[in-house]
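Here's the structure we're looking at; comments come further down.
The values are calculated or read from the model by the stated rules, or taken from the named source; none is laboratory data. Not measured: the values here are computed from a predicted model. Virtual Cβ from ideal backbone geometry, glycine too; neighbours counted across all protein chains shown.
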2 protein chains.
Amino acid sequence: MRRSSHSLVKPTSPYNNPPTTSQTHGKACLPRDGTITRKAIMDAAQGLILETGFSAASVDAVIARAGITKGAFFYHFKSKAELALALVQRDAEADTAHLQSVLDRAEALSRDPLQQLLICIGLYEEETAKLTAPYPGCLYASFIYESQLFDDATMQVVREVFSHWTARIGAKLEAAMAMYPPRLPVNVTTLAEMSLALAEGAFILSKVQRDPAALAAQWRHYRNYLELLLAPQLPSVAGVKRDKLDAPVAAK
Amino acid sequence: MRRSSHSLVKPTSPYNNPPTTSQTHGKACLPRDGTITRKAIMDAAQGLILETGFSAASVDAVIARAGITKGAFFYHFKSKAELALALVQRDAEADTAHLQSVLDRAEALSRDPLQQLLICIGLYEEETAKLTAPYPGCLYASFIYESQLFDDATMQVVREVFSHWTARIGAKLEAAMAMYPPRLPVNVTTLAEMSLALAEGAFILSKVQRDPAALAAQWRHYRNYLELLLAPQLPSVAGVKRDKLDAPVAAK
DNA sequence: TTATTTATACCGACTAGTCTGTAAGTTTCT
DNA sequence: AGAAACTTACAGACTAGTCGGTATAAATAA
């Protein structure tokens with residue numbers, strides 16, 4: 001028996017372990033790194049799931065696409081359900097971090113909460129405009145339409161991403177509306193949720209039309225709506241074109 | 001262990017399934033009517049598909065819910081794929097007819113194309129506000145997220161419903177915009193598609209939140225947007241309430 | 001230096017059960 | 001009698017998951 005660190009379960013794996021794999025002792029010998037295989041499995045699975053749904057994305061199909069074997073799959077995930085959870089967690093973390101960075105950028109670009117919001121939406125519009133090839137999709141939506149297949153923990157992750165998104169956007173909206181009274185009475189929560197609904201709906205449109213352009217177009221409409229609803233002086237009337245990303249900033 | 005006709009467990013009499021059973025007794029006993037079974041199969045399948053997706057809605061599960069047997073299933077549908085096509089066609093016909101009737105009503109209520117559009121949306125808002133029990137869903141969206149499982153003919157039906165919807169709404173929008181120049185430059189097609197995107201997105205929200213209220217809320221926002229964009233005189237500014245059809249919802 | 005141990009990472013055949021679809025027979029109405 | 005509307009039983013493919021075994025590399029011992 002080992003003496004130090006009488007670890008029962010986690011003998012501190014030698015050669016992989018994520019934290020900083022950058023540490024190269026002379027030779028980048030790519031030590032047997034399970035994280036590569038793990039990521040290959042997750043990427044293959046995510047792609048398949050968005051094409052066929054979770055049920056039809058069989059373990060056999062996943063390992064074929066990932067170019068590994070069944071043993072490797074079940075070494076990394078003790079069940080297919082665990083893969084589902086890992087996938088949705090990975091997306092949730094990425095999306096949450098991404099929203100944070102977009103909000104940070106928007107806050108650096110303007111001090112006005114309405115402008116921050118509009119910039120934020122503009123940034124999403126910009127990014128989605130670049131999307132191309134494989135008509136994108138949203139794992140959350142895919143899971144939601146097969147929700148009975150997943151355990152509570154998995155669906156809870158989805159619910160949390162959604163409510164976190166709504167809360168962040170809602171808070172900004174709240175600040176903007178405190179400064180610029182809306183021209184129509186609106187519910188802040190559903191107005192924040194509208195961004196989610198449009199994004200999800202646009203994913204569906206883009207899949208039907210095999211054209212990711214719908215995403216940017218719907219973000220643009222959301223931005224229009226917020227501007228018409230809140231901007232202190234409306235953009236110039238019909239025909240005159242507005243320029244991107246900055247709207248009339250009236251001094252209160 | 002073969003048992004003859006007097007099975008006790010699941011005789012599940014044929015042509016049973018009294019959905020509403022107008023037919024009661026005496027003479028008019030609908031002669032073995034396959035359409036009842038056929039509908040039972042389709043209803044059971046649709047419900048299951050919205051809960052678990054098409055793949056996981058196995059024939060065994062469908063027949064169990066419908067209360068019939070496997071032979072009956074394959075008597076009515078020569079394959080599971082044919083069931084998928086039949087389902088999506090049924091929904092497409094129903095939705096197209098429903099849109100037609102809503103447009104008819106709206107056109108009877110106003111001669112102004114903008115008002116017709118707003119009424120139309122208001123009617124959808126009204127109807128969805130009543131929804132309750134099983135968090136609704138859209139078969140098209142479900143299929144789209146498993147699209148690789150279906151043949152072209154099936155997905156083509158979905159594409160056609162979508163483009164038909166967009167065309168009908170788009171035409172009304174076109175007429176409204178010819179009369180009332182929009183306050184911001186917008187693309188008519190994507191503006192029409194926005195109604196679809198919002199509806200699909202709201203279905204997803206309602207499933208996540210287990211609350212169908214999202215549907216009506218998003219229709220309302222769509223109506224707001226069109227009004228702000230096109231209405232010749234904006235509804236009174238902030239604070240003053242607008243009439244009819246709504247209770248001004250308190251924030252949050 | 002070299003040999004041994006140990007843990008990770010992976011392989012692929014195998015199992016028990018589920019899947020869609022078929023075949024052949026039974027019941028019920030005309 | 002004949003057709004429509006079923007039923008039960010079964011076939012073969014595919015499913016998630018298991019299990020014994022192997023390759024590699026680091027840690028340790030010689």
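In segment A:194-211, the condition of being of a type in the set (Phe, Trp, Tyr), buried (at least 24 other Cβ atoms within 10 Å of the Cβ), touching a residue at least 40 places away in the same chain (Cβ under 8 Å) and assigned by TED's automatic domain parsing to the domain that holds residue A:161 is met by at least one residue.
Tally the residues that are part of a loop (DSSP other than H, G, I, E, B) and on the phi < 0 side of the Ramachandran plot, restricting the search to segment B:207-236.
Let us first name the residues in segment B:207-236 that are part of a loop (DSSP other than H, G, I, E, B), namely B:210-212, B:231-236.
With the extra rule that they be on the phi < 0 side of the Ramachandran plot, the set shrinks to B:211-212, B:231-236.
Summing the residues that are part of a loop (DSSP other than H, G, I, E, B) and on the phi < 0 side of the Ramachandran plot in segment B:207-236 gives 8.
For segment A:151-175, a residue qualifies if it is within 12 Å of chain B (Cβ to nearest Cβ) and either of a type in the set (Lys, Arg) or within 19 Å of residue B:144 (Cβ to Cβ) (or both), and the qualifying residues are A:158, A:159.
Residues being away from DNA strand C (no atom under 13 Å from the Cβ), in contact with a Pro (Cβ under 9 Å, 6 or more places away or on another chain), within 14 Å of chain B (Cβ to nearest Cβ) and aliphatic (A, V, I, L, M) are represented in segment A:46-53 by at least one member.
Of all residue pairs spaced 6 or more apart or on separate chains, those with beta-carbon atoms under 8 Å, a first member in segment A:55-79 that is farther than 22 Å from residue B:56 by Cα and away from every other protein chain (no Cβ under 14 Å) and a second member that is of a type in the set (Lys, Arg) and more than 7 Å from DNA strand D (Cβ to nearest atom) are A:76/A:38.
Within segment B:130-138, does at least one residue satisfy the condition of being assigned to a helix (DSSP H, G or I) and in contact with a helix residue (DSSP H, G or I) (Cβ under 6 Å, 6 or more places away or on another chain)? Even if it seems obvious, please write down each step before you answer.
First pass over segment B:130-138, keeping only residues assigned to a helix (DSSP H, G or I): B:130.
After this cut, where a residue has to be in contact with a helix residue (DSSP H, G or I) (Cβ under 6 Å, 6 or more places away or on another chain) as well, the list is none.
No, because not a single residue in segment B:130-138 is assigned to a helix (DSSP H, G or I) and in contact with a helix residue (DSSP H, G or I) (Cβ under 6 Å, 6 or more places away or on another chain).
Looking only at segment B:85-96, filter to residues that are hydrophobic (A, V, I, L, M, F, W, C) and away from chain A (no Cβ under 14 Å); which one of those is farthest from DNA strand D (Cβ to nearest atom)?
To start, the set of residues in segment B:85-96 that are hydrophobic (A, V, I, L, M, F, W, C) comprises B:85-88, B:92, B:94.
Imposing the further condition that a residue be away from chain A (no Cβ under 14 Å) reduces the set to B:85-87, B:94.
Numbers: B:85: 19, B:86: 15, B:87: 18, B:94: 22 Å.
Top of the filtered list is B:94.
Screening residue A:36 against (1) within 21 Å of residue A:148 (Cα to Cα); (2) out of contact with any helix residue (DSSP H, G or I) (no Cβ under 8 Å at 6 or more places or on another chain); (3) hydrophobic (A, V, I, L, M, F, W, C) leaves a single unmet condition, (1). In this entry, residue A:163 is excluded by the filter for residues that are touching a Phe, Trp or Tyr at 6+ places or on another chain (Cβ under 7 Å), assigned to a helix (DSSP H, G or I) and polar (S, T, N, Q). Scanning segment A:142-160 for residues that are touching a residue at least 24 places away in the same chain (Cβ under 8 Å) and assigned to a helix (DSSP H, G or I) returns A:142, A:143, A:149, A:153, A:154, A:157, A:158, A:160.
Taking the criterion of being in a helix (DSSP H, G or I), hydrophobic (A, V, I, L, M, F, W, C) and either crowded, with 19+ Cβ neighbours inside 10 Å or within 13 Å of DNA strand D (Cβ to nearest atom) (or both), the residues of segment B:59-84 that qualify are B:59, B:62, B:63, B:64, B:66, B:72, B:73, B:74, B:83, B:84.
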